[in-house]
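Below is one structure, written out as structure tokens; comments come after it.
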Amino acid sequence: MDSQLSVKVNSYQQFEQMAPDVLSALQAMGKAVDDSGLAKELTELMKIRVSQMNHCAFCTQYHQNIARRLGVEAVKIDLVTVWRDAGVFSAREMAALEWAEKVTTLSELDASKSQDSILGDHFSESEKTYLTVAIAHINAWNRIAGTLHFPPLS
């Protein structure tokens, strides 16, 4: 068991050493989203939801920790999995979470439910673009961290 644990503990470090250019590109993509003007609290809720959908324990916990540090209400962090029924999310947050789910399950994206019908007037055109980039970004991280078995943080 210890040898498996050490492989998992070293996965992020191994990734960092083996693919520094990829790590830099992912960090640049994240910075672009952060610099876009979107509320970090909103993007963290989306990242948590997408990471849950993709069963990525590392990213789920990582972004829950960030959301807590940002002061996102605990009830929102706790209930993001069931956001539709929770009654604690704003219309803007619910639109972003629905878009996050649609983009993550792209094969199930209903052509009749376009970006505009989901995001409506809650977001500017620029924000819609960066929401989509944020979702693509966390999906990339989920696939890397999940398949390389990055362990959740302590």
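The values are calculated or read from the model by the stated rules, or taken from the named source; none is laboratory data. What you see is a predicted model; the values in this text were computed from it and never measured. Counting neighbours? That spans all protein chains shown, and the Cβs are built from the backbone with ideal geometry, glycine included. Quick note on the areas: whole protein, heavy atoms, side chains included, nothing else; ligands and nucleic acids left out. Shrake-Rupley method; radii C 1.70, N 1.55, O 1.52, S 1.80 Å.
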Discussion item. Report every pair of residues separated by at least 6 positions or lying on different chains whose Cβ atoms are under 6 Å apart, first residue within the range 131-142 and within 14 Å of Trp99 (Cα to Cα), second charged (D, E, K, R).
Written reply: Ile138/Lys47
Worksheet entry | Which numbered condition Val72 fails, given (1) of a type in the set (A, V, I, L, M, F, W, C); (2) over 17 Å from Ala39 (Cβ atoms); (3) open to solvent by less than 30 Å² (accessible area, probe 1.4 Å); (4) assigned to a loop (DSSP other than H, G, I, E, B) | (2)
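Residues are listed down the side, and each one gets a yes or a no for (1) buried (at least 20 other Cβ atoms within 10 Å of the Cβ); (2) assigned to a helix (DSSP H, G or I); (3) not acidic (Asp, Glu):
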site: Trp83; (1), (2), (3): yes, yes, yes
site: Glu101; (1), (2), (3): no, yes, no
site: Leu119; (1), (2), (3): yes, yes, yes
site: Ala134; (1), (2), (3): yes, yes, yes
site: Arg143; (1), (2), (3): no, yes, yes
site: Gly146; (1), (2), (3): no, yes, yes
site: Phe150; (1), (2), (3): yes, no, yes
Worksheet item: Of the residues that sit in the range 52-69 and are assigned to a helix (DSSP H, G or I) and more than 21 Å from Leu38 (Cβ to Cβ), which one is least open to solvent (accessible area, probe 1.4 Å)?
Response: Phe58
Fill in: Enumeration of residues in the range 69-100 that are in contact with a helix residue (DSSP H, G or I) (Cβ under 7 Å, 6 or more places away or on another chain) and among the charged types (D, E, K, R)
Lys76, Arg92, Glu93, Glu98
Worksheet item: at pLDDT below 95, out of contact with any strand residue (DSSP E or B) (no Cβ under 6 Å at 6 or more places or on another chain) and over 21 Å from Val22 (Cα atoms), is that true of Gln115?
Response: yes
